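J.: This is the structure I have questions about; it appears just below.
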Amino acid sequence: MRSFDGTALQVRFKCGVTGVNKKDVIREFSGGVRAMAPLIVAVMPIGLVFGAVAASKGLSSLEVMLMSAFVFAGGSQFVAMDIWSHPVSWGALGFSALLVNIRHVLMSASIGTKMPAFSGSAKYAAMLLLADEIWAMAETRAAQARLSAAWYAGLAVPFYVVWVLTSLAGAVAGAFLGDPKAIGLDFAFPAVFVVLLMGFWKGRETGAVLAASAAAAVMTQQLLPGVWYIGAGAAAGVIATLVLDRRREVCA
Amino acid sequence: MTVDPNVFLAILAMAAATALTRISGLLLIRFVTIGPQQRRALDAIPPAVLMAVIAPTALVTGPAETLAVLATALAATRLPLLAAVATGVVVVGVARAVIGA
């Protein structure tokens, strides 16, 4: 069990800064890149499709690239294309991005406690790149070893570059692209999340979390539009843990 | 290759909203002391979020997707990430073709 005591963090932080040599940084970075490689491949068709959809809504190639570079959150970018209007309403788009990405609050709180090896500013920089896929791979790494800033950069930087460049390519190529659903490629990301989820299994208590989350997510998705279901499922899973905790305390 | 000022403003609004959600979790844990109970709640977040993301695909999209999620989960117990994902993509492609969804 890792310690989150403040002084321990301080010591580890200082050792991290003085004890890091260039070779370690390179090895950690390339470890992150290797772990991320399947997702980098899987994001390519998604970026192309996003670019093509955005171009069909009247965005210029440069605007498409700027959106991918500044926002860097695929889900909210696709939702923005759904509600895109002429003239554009920045208020509606900003608000919808806030709602779609509200799950990132939980994700950043969770991974934030696993970054004792990061300097203060590195932590904030890392959070700006906290896309779902990068977060999930960082959590997976943190469950097995100490998550370093270089490993995180290896996960995030190539993924970011590929997302921006494939959106641009999609916008330029536009309608020449086929439908990724025809060959099952739309299933690549759900499949990645299934595999990562299996890695978080820790026995019956996890089962309760998953059952609560799945039930709440499916019910919410049937009743409400948009991506409220992700927040609802996450909240239900956390509440299930707290209920189990309470019961254990009562029994003890 | 032009940028409309209104479009640029919309992009900035989306970027600011997204950055806010990604930073605020970090700010939250700075001001909340993390005891054993908070720790367990935080530990439940990764599986709970991942399950919520895939639940509609796994349970209510169609038989092809449900079958492919099961196949992927089973493959994940034996195969590395990429092979398990490839299994899921192939199964969903074949199942959709067979079922006609």
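J.: Out of the total accessible area of the protein assembly as shown (probe 1.4 Å, heavy atoms of protein only), what percent is carbon and sulfur?
T.: Carbon with sulfur: 70 percent of the solvent-accessible area.
J.: Looking at the stretch A:201-252, what % of the alpha carbon pairs are farther apart than 17 Å? Please report the intermediate quantities before stating the final value.
T.: Working: 521 of 1326 pairs.
That tail contains 39 percent of the Cα-Cα pairs.
J.: What is the mean number of Cβ atoms from other protein chains located within 10 Å of the Cβ atom of each residue in peptide A:29-40, rounded to a whole number?
T.: Going residue by residue through A:29-40 and averaging, the value is 1.
J.: In debye to the nearest 20, how big a dipole does the protein assembly as shown give about its Cα centre with +1 on each Lys and Arg Cβ and -1 on each Asp and Glu Cβ?
T.: 1180 debye
J.: Sticking with this one: Between Rg and the Kirkwood Rh of the stretch A:6-180, both from Cα atoms, what is the Rg to Rh ratio?
T.: Using only Cα positions, Rg/Rh for the stretch A:6-180 is 1.04.
J.: Show that you can apply the helix-only estimate: for chain B, add -39,500 (n - 2.57) for every DSSP H stretch of four or more residues, divide by all residues, and state [θ] at 222 nm to the nearest 500.
T.: -27500 deg cm²/dmol
J.: Choose one answer from A:Pro225, A:Pro158, A:Pro45: the residue with the largest mean-square fluctuation in a GNM of chain A with alpha-carbon springs under 10 Å.
T.: Comparing A:Pro225, A:Pro158, A:Pro45 in a Gaussian network model of chain A, the most mobile one is A:Pro225.
J.: Which of the peptides B:84-92, B:27-35 is most tightly packed, and how do the rest follow, judged by the mean count of other Cβ atoms within 10 Å per residue?
T.: Averaged packing, sorted descending, gives the order B:84-92, B:27-35.
J.: Here's something else I'd like to know. Between A:Ile40 and A:His86, 0.36 nm times their residue separation minus their Cα-Cα distance comes to what?
T.: 13.2 nm
J.: Report the label-to-label distance for A:Ala143 and A:Gln222 in nanometres (one decimal), using points 7 Å from each Cα along the Cα→Cβ vector.
T.: 2.9 nm
J.: Between B:Ser24 and B:Asp4, what length in nm is gained on full extension when 0.36 nm per residue of separation is reduced by their alpha carbon distance? Display every interim value, and only then the final one.
T.: Details: separation 20, 0.36 × 20 = 7.20 nm, distance 3.02 nm.
Here the segment from B:Ser24 to B:Asp4 would lengthen by 4.2 nm.
J.: Binned at 5 Å from 0, what are the whole-percent values of the Cα-Cα distance distribution for the stretch A:77-129, short to long?
T.: For the stretch A:77-129, the pair-distance distribution reads 4, 17, 22, 15, 13, 13, 10, 5, 2, 0.
J.: Just tell me how shielded A:130-136 is by partners: mean number of partner chain Cβ atoms within 10 Å of each residue's Cβ, no decimals. Could you put the intermediate results ahead of the total?
T.: Numbers: counts 7, 2, 3, 0, 0, 4, 4.
Taking the mean over all residues of the peptide, I get 3.
J.: Need one word for the stretch B:21-73: rounded, prolate or oblate. Basis is the Cα gyration tensor (sqrt eigenvalues a ≥ b ≥ c); a/c below 1.5 gives rounded, then a/b vs b/c decides.
T.: Prolate shape, in that a/c is at least 1.5 and a/b is the bigger ratio.
J.: Mind pulling the per residue volume of the convex hull built on the Cα atoms of the protein assembly as shown? Å³ is fine.
T.: 149 Å³
J.: For chain A, what is the calculated [θ] at 222 nm in deg cm²/dmol (nearest 500), taking -39500 (n - 2.57) for each run of four or more DSSP H residues and dividing by its residue count?
T.: After summing the helix terms and dividing by the residues of chain A, the value is -25000 deg cm²/dmol.
J.: Kindly give Rg over Rh for chain B, based on alpha-carbon atoms, with the Kirkwood expression for the hydrodynamic radius.
T.: Details: Rg = 20.3 Å, Rh = 17.5 Å.
A ratio of 1.16.
The values are calculated or read from the model by the stated rules, or taken from the named source; none is laboratory data. The structure presented is a predicted model; accordingly, all values stated were derived computationally and were not measured. In this analysis, Cβ positions are derived from the backbone assuming ideal geometry, glycine residues included, and neighbour counts consider all displayed protein chains. Surface areas here come from the heavy atoms of the whole protein model, side chains and all, with no ligands, DNA or RNA. Shrake-Rupley method; radii C 1.70, N 1.55, O 1.52, S 1.80 Å.
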